[in-house]
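The values are calculated or read from the model by the stated rules, or taken from the named source; none is laboratory data. The structure displayed is predicted, hence computed values, not measured ones. Cβ sites come from the backbone with ideal geometry, for glycine too, and all protein chains shown count toward neighbours. Just the protein is used for accessible areas: all its heavy atoms, side chains included, with ligands, DNA and RNA removed. Shrake-Rupley method; radii C 1.70, N 1.55, O 1.52, S 1.80 Å.
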Amino acid sequence: MVGMKPKDMMPSAAVKFFGAGTAACIADLVTFPLDTAKVRLQIQGESQKAEGVGAMKYRGVLGTITTMVRTEGARSLYNGLVAGLQRQMSFASVRIGLYDSMKQFYTRGTESAGIVTRLMAGCTTGAMAVAFAQPTDVVKVRFQAQVRLADGERRYNGTMDAYKTIARDEGVRGLWKGCMPNITRNAIVNCAELVTYDMIKELILKYDLMTDNMPCHFTAAFSAGFCTTVVASPVDVIKTRFMNSGNGQYSSALNCAITMLRNEGPTAFYKGFMPSFLRLGSWNIVMFVTYEQIKKGLSRHLLHNVIDRNREEPAI
């Protein structure tokens, strides 16, 4: 990312990889209820009916959260958290942590990176992350979408049970269900999120509007969250619907999109927009601010270790 002062030690790829995963997990812990509300709103209106349960009606972010707490308990807001943290540790580490490395790869190690290079880097790391971490995303969505029945029965009894059940009932391919729409979504999300953040932060620093500190990171992250929500919401809804669907409900992601358009109209593609924006905006703020602090903290710690080691070495 831009904005590193010369006197600071440049964070290594390992620092960025670890820092991105850790920051993303912290952001997920803070914003997970909003993500769960988003998923419930996105699947609302599907032709599919939960076994033994009529379709639930959710109204807005607060209404969805209130209904879930009242009917399923507060813990339902964190359904799929374990899979979500597994997803972020593997997913964000690749798509965010390797972004700068991929940018340098495309520019052959030079510091100058244009918009095309940044978009290519964002698309590449986004696709790599999905190919690697898709099963965790499938399980997370399934948990967030499941409604506890009156007798307490659940679709899955735990995270590992979900992995095993999906692999047994739908085959190993079931764990990579929705991989292509997810690659499309994350290529878009990564480009909108990382490139927007990168460029806004660069402009803020270039014109001396702010220094490389928390207000700068907050502003760039909030802007990136809004842009990402507007661009990625339709693909996100299709991804959620398709990944949560039962066997044979949709023949493909395209069929899912056509079915949504035919049955619910074009506004269906922006279902859950407000929780998506609240979640992405707050997630971006927490993640990028934390990520920047982790990078700086780890880099300074490593730099001090190197200096201390050099001082301790006897002169020859």
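Modelled spin-label separation between Tyr207 and Thr267, with each label point placed 7 Å from Cα along the Cα-to-Cβ direction: 3.7 nm. Over its Cα atoms, what ratio of radius of gyration to 2.2 N^0.38 Å does the chain give? Normalised by 2.2 N^0.38 Å, the Cα Rg of the chain equals 1.07. For the chain, take the longest principal axis of its alpha carbons; what is the angle in degrees between that and the long axis of helix 60-72, to the nearest 10 within 0 to 90? Approximately 60 degrees, to the nearest 10.
Run the helix sum for the chain: -39,500 (n - 2.57) per DSSP H stretch of 4+ residues, divided by residue count, reported at 222 nm to the nearest 500 deg cm²/dmol.
-23500 deg cm²/dmol
Hey, if you drop one equal point scatterer on each alpha-carbon of the range 53-204 and run the Debye formula without solvent, what base-10 log of I(q)/I(0) do you get at q = 0.09, 0.13, 0.19 Å⁻¹? Debye intensities relative to I(0), on a log10 scale: -0.40, -0.73, -1.11.
Loop only per DSSP, at most 10 neighbouring Cβ atoms within 10 Å: give me the chymotrypsin sites (Phe, Trp or Tyr not before Pro) in the range 212-316, ordered by residue number. The qualifying sites: there are none. Using a probe of 1.4 Å on the protein chains alone, the accessible area found for Met180 is around 130 Å². Length gained on full extension, Arg59 to Leu302: 82.5 nm, using 0.36 nm per residue less the C-alpha separation. For the chain, the longest piece that avoids every one of the GluC sites (Glu not before Pro) found in DSSP loops with at most 13 other C-beta atoms within 10 Å covers 154-316.
The length gained by stretching the chain between Glu170 and Ile115 to full extension, at 0.36 nm per residue less their Cα-Cα distance, is 15.7 nm. Exposed loop positions in the chain were taken to be trypsin sites (Lys or Arg not before Pro) whose DSSP state is not H, G, I, E or B and which have at most 15 other beta-carbon atoms within 10 angstrom. Between these positions, the longest stretch is 155-316. Residues considered: Ser251, Ser12, Ser282. Largest GNM mean-square fluctuation over the chain, using C-alpha springs under 10 Å, is found at Ser251. Projecting label points 7 angstrom from Cα along Cα→Cβ for Leu29 and Ala13 puts them 2.9 nm apart.
The calculated Kirkwood hydrodynamic radius for the range 158-226 is 14.7 Å, given to one decimal from all distinct C-alpha pairs.
Over all Cα atoms in the range 202-316, the spread is summed up by Rg and Dmax: 22.8, 79 Å. With a cut-off of 11 Å between beta carbons, the residues surrounding Val130 carry a summed charge of +3, where Lys and Arg count +1 and Asp and Glu -1.
Using only Cα atoms and rounding to the nearest 10 degrees, what angle (0 to 90) does helix 159-170 make with the longest principal axis of the chain? The answer is roughly 60 degrees.
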